[in-house]
Structures are given as structure tokens and as C-alpha cells.
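Chemist: Pasting in a structure now, in C-alpha cells, and then I'll have a few things to ask.
Please treat every number below as a calculation from the coordinates, not as lab data. Here the structure is a predicted model, which is why all the values come from computation and not from measurement. Here the Cβ positions follow ideal geometry from the backbone for every residue, glycine too, while neighbour counts run over all protein chains shown.
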Amino acid sequence: MTKFDKAKAEIVDERILADGWTRLSNFQIDYTDSDGETHRLQREVYHRTPAATILLYDTRRDIVILVRQFRLPVFLHGEPAWIVEAPAGLLDGDAPEAAIRREAEEETGFRIRDVRFLFKAYSAPGSSTELQYFFAATIDSTDRVSEGGGLSHEHEDIEVLEVPLDQVMAMIEHGEIVDLKTITLLQWAIMNRDTLR
């Protein structure tokens with residue numbers, strides 16, 4: 001047992017600051033640190049529902065299927081806001097695999113045959129409850145059942161991209177891909193390229 005095993009937290013109060021597309025809460029917690037001292041801390045947390053993302057890899061053509069769409073937070077930073085990402089979406093009450101199958105087809109037009117679960121990770125554990133489930137699937141041109149582009153009733157405006165796997169690291173280095181979940185999946189693909197074939 002280390003001294004950090006003695007640390008603990010107790011929620012004292014939660015105040016909801018916003019409750020729209022996502023909920024934002026202000027928490028007061030009593031945090032007993034590893035030295036046994038208790039401190040009253042204040043933290044704001046975004047309550048995000050779980051999500052899933054997927055790497056779609058065409059082994060014959062050695063390309064990945066990515067999407068480009070508008071992201072307001074990036075726009076607020078004054079950067080190009082139509083960013084390149086791996087297909088992804090909220091679970092919306094579905095199991096992670098079912099959700100990513102749905103989202104991949106809506107966004108890219110590819111119907112996935114075999115899905116491989118890779119891992120799960122918190123996207124921003126210092127401020128958000130969002131848990132991402134990461135998947136990979138091999139595809140080919142016969143799996144394309146529609147043009148993709150997202151759902152019009154959700155006002156999705158998604159461009160489908162075919163990117164050579166050999167080019168993705170340069171795109172990351174040059175700032176053409178800035179989405180963390182996508183960078184994570186692409187680095188996984190580079191390291192595991194042989195197992196995807």
C-alpha cells in the first residue's frame with residue numbers, strides 16, 4: 001500500500017450551471033490527499049454521454065476512411081474548423097459496437113462486416129465524463145452502401161475522405177489532423193499495420 005491509497009474524495013455539493021446539449025456542473029468536494037489533509041476543492045465537469053470511434057481501413061488500397069466536418073470549439077480558437085476525424089458518435093443508449101456500426105454507415109456509407117474492439121479511454125478526464133470506445137474494421141469498396149455524409153435531419157454536413165495510410169503521420173505533423181481520438185487511432189494503425197491485413 002502506498003500513501004496515495006489513502007487519498008479519497010467526497011462530494012459535498014453539486015450545482016448545475018447549464019443543462020442543454022450537455023450538462024455542466026460545479027462540484028465542491030472534500031479531497032483528503034495522500035498526506036491525510038482534507039481540502040475543499042471546486043471543479044467544473046461536463047457530463048458527456050459515452051461515445052465510440054472507429055478506424056476504417058481498406059487493406060487492398062492501403063487507405064483509411066476519414067471524415068471532415070465543422071467543429072465549433074475549434075472555430076472559437078480561430079483555427080480552420082472543418083477538421084479531419086475518424087468516424088464517431090454518441091452511443092445514444094446502444095451498446096458501443098452497435099453504435100459505431102450505425103455511426104460509420106451514416107457518416108461514411110460503409111456497412112461494416114467485422115468489428116474489432118481495441119480499447120476504451122477518457123477523452124478529457126480533468127473536465128469531462130466522456131468515455132470513448134475505440135474500434136477498428138477492415139473494409140473494401142463492396143462494403144459501400146451509400147454516399148454517407150451524415151443525417152440531414154441532424155444537420156450533419158460530412159465530407160468522406162479516402163486517405164493513404166502512408167500520409168497520415170505527415171498530416172498529423174503538419175496540423176492537418178488535430179483531433180485526438182483520430183490521432184490515437186491512426187498511430188495504433190501504423191503500429192499494428194500487419195495485424196490489419
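Chemist: Sorted by average packing, counted as other Cβ atoms within 10 angstrom per residue and highest first, what order do 58-67, 158-167 take?
Modeler: 58-67, 158-167
Chemist: I'd like to know which of T22, I63, T32 lies farthest towards the positive end of the charge dipole of the chain, counting +1 on Cβ of Lys and Arg and -1 on Cβ of Asp and Glu.
Modeler: Farthest along the dipole direction, towards plus: T32.
Chemist: I've got another one for you. Please label the shape of region 1-159 as rounded, prolate or oblate, based on the square roots a ≥ b ≥ c of the eigenvalues of the alpha-carbon gyration tensor (a/c under 1.5 means rounded; beyond that, a/b larger than b/c means prolate, else oblate).
Modeler: prolate
Chemist: Using the Cβ atoms and a cut-off under 14 Å, what net charge is assigned to the surroundings of D19, where Lys and Arg are +1 and Asp and Glu are -1?
Modeler: Within the 14 Å Cβ shell, the charges total +1.
Chemist: How about K181: which lysines have a C-alpha closer than 18 Å to its C-alpha, ignoring those fewer than 8 places off in the same chain?
Modeler: The reachable lysines, counting only those whose Cα sits under 18 Å from K181, are K120.
Chemist: Multiply the residue separation of M191 and D166 by 0.36 nm, subtract the distance between their alpha-carbon atoms, and state the gained length in nm to one decimal.
Modeler: Residue separation times 0.36 nm, minus the Cα-Cα distance, leaves 7.8 nm.
Chemist: Return the calculated 222 nm mean residue ellipticity for the chain, to the nearest 500 deg cm²/dmol, obtained by summing -39500 (n - 2.57) across DSSP H runs with n ≥ 4 and dividing by the residue count.
Modeler: The per-residue figure over the chain is -5500 deg cm²/dmol.
Chemist: Something else about it: So how tilted is helix 96-108 from the main axis of the chain? Cα-based, degrees 0 to 90, rounded to 10.
Modeler: 50 degrees
Chemist: Quick one: dipole size for the chain, taken about the Cα centre, charges +1 on Lys/Arg Cβ and -1 on Asp/Glu Cβ, in debye to the nearest 20.
Modeler: Roughly 440 debye for the chain.
Chemist: What are the equivalent ellipsoid semi-axes of region 59-147, built from the alpha-carbon gyration tensor (square roots of five times its eigenvalues), in whole angstrom, biggest first?
Modeler: Value: 24, 18, 12 Å, ordered largest first.
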